[in-house]
Amino acid sequence: MIGAVIGDITGSVREFTDVKLAHRRQVVLLPEDGFFTDDTVMTCAVASAVRHWQALPADEQTGERFRSGLVGRMQAMGRQYPGRGYGGRFAQWLASDDPRPYNSLGNGSAMRVSPISFLARSRAECETLARWSAEVTHNHPEGIKGAVCTALLGYLARSEKDKTLLRAAAAAFYPELAEPDFTVEELHRTYRFTEWCPYTVPQALACFLEAESFAGAIVNCIYIGGDCDTTGAIAGGVAQAYYGVPRELADRAREILRRDDAPGEILRILAEMPE
């Protein structure tokens, strides 16, 4: 999960920048002025909810229990960390006394799902938890697909080190990933800012699939531009599952969190997660 946080912090300073970087070497990982956004906050909420649900007796591990627990954690953490870049409808959902899904196909469902890749005990559980995690807000089919694809690719990447097979698994959800011209260089030329899953998730996954290292996946996300904190979080979670995270980057991310995480809840949840 620290991989998603690193992607979020790195992309935070580029999210609303219209001018793309000319070269990958211009990307600064975890810049001094970087900060965690709603991507990190909600990722931690998902992690907390999954761990609590898995600790329940087997006969209580129902979808209803998971969804209600996740809603509680998301609302609690959203209120604990206000002003972190929440979208308009999601901010209303966080503040609601009766939070209901609102048919969103936004990329929020995919940005927060990486803990499921690491905590799921089977492929079936991974896909189910990812679907449930999306349904509390992003119950549009595209919102659900983005979450399931992202979580599943991270789950598979923990043990499968053949990117040809990983690309095929992702292309089953997003066929453009099998097209020869769907490349990071082409995205650098044509990609524009969007917050929708179908135009964020495959782009983020292409950044991972073309990378030769964890850092390279994050660099690719910044290089193509767009919603960089979210594509960084999506690619960062999958890249962590595949490559692991260099110790110096993990330590630097925690330094930034210690600077900004006054409540300490994000650091606490991170400490409980596998790396």
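The values are calculated or read from the model by the stated rules, or taken from the named source; none is laboratory data. Everything numeric here is computed off the predicted structure, so don't read it as measured data. Here the Cβ positions follow ideal geometry from the backbone for every residue, glycine too, while neighbour counts run over all protein chains shown.
Numbers below:
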read-out: Failed item, numbered, when Arg131 is tested on (1) in contact (Cβ under 8 Å) with a residue 60 or more places away in the chain; (2) touching a helix residue (DSSP H, G or I) at 6+ places or on another chain (Cβ under 7 Å); value: (1)
read-out: Of the criteria (1) touching a residue at least 60 places away in the same chain (Cβ under 8 Å); (2) part of a helix (DSSP H, G or I), which one Met273 fails; value: (2)
read-out: The stretch 91-105: number of residues that are closer than 11 Å to Val136 by Cβ and not in a loop (DSSP other than H, G, I, E, B); value: 1
read-out: Subset of the stretch 149-176 (residues that are among the hydrophobic types (A, V, I, L, M, F, W, C), touching a residue at least 40 places away in the same chain (Cβ under 8 Å) and more than 17 Å from Leu129 (Cβ to Cβ)); value: Leu166
read-out: Residues that are in a loop (DSSP other than H, G, I, E, B) and not charged (D, E, K, R), drawn from the stretch 66-90; value: Tyr81, Pro82, Gly83, Gly85, Tyr86, Gly87
read-out: Looking only at the stretch 24-54, and only at residues there that are part of a loop (DSSP other than H, G, I, E, B) and either among the hydroxyl-bearing types (Ser, Thr, Tyr) or free of Cβ contacts under 8 Å to residues at least 40 places away in the same chain (or both), the one that is surrounded by the most Cβ atoms within 10 Å (Cβ to Cβ); value: Thr37
read-out: Test result for Glu142, touching a Cys at 6+ places or on another chain (Cβ under 8 Å), in a helix (DSSP H, G or I), over 20 Å from Ala241 (Cα atoms) and of a type outside the set (Lys, Arg); value: yes
read-out: In the stretch 177-206, residue farthest from Phe118 (Cα to Cα) [restricted to those that are in contact (Cβ under 8 Å) with a residue 24 or more places away in the chain and aliphatic (A, V, I, L, M)]; value: Leu187
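Table: residues versus (1) part of a helix (DSSP H, G or I); (2) over 14 Å from the mean Cα position of the chain (by Cα).
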{"site": "Phe173", "(1), (2)": "no, yes"}
{"site": "Gln203", "(1), (2)": "yes, no"}
{"site": "Ile222", "(1), (2)": "yes, yes"}
{"site": "Thr231", "(1), (2)": "yes, no"}
{"site": "Val245", "(1), (2)": "no, yes"}
{"site": "Glu255", "(1), (2)": "yes, yes"}
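Okay, residues lined up against (1) closer than 18 Å to Gln240 by Cβ; (2) among the hydroxyl-bearing types (Ser, Thr, Tyr); (3) modelled with pLDDT under 95:
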site: Ile2; (1), (2), (3): yes, no, no
site: Gly7; (1), (2), (3): yes, no, no
site: Thr17; (1), (2), (3): no, yes, yes
site: Lys20; (1), (2), (3): no, no, yes
site: Ala55; (1), (2), (3): no, no, no
site: Arg65; (1), (2), (3): no, no, no
site: Gly69; (1), (2), (3): no, no, no
site: Gln80; (1), (2), (3): no, no, no
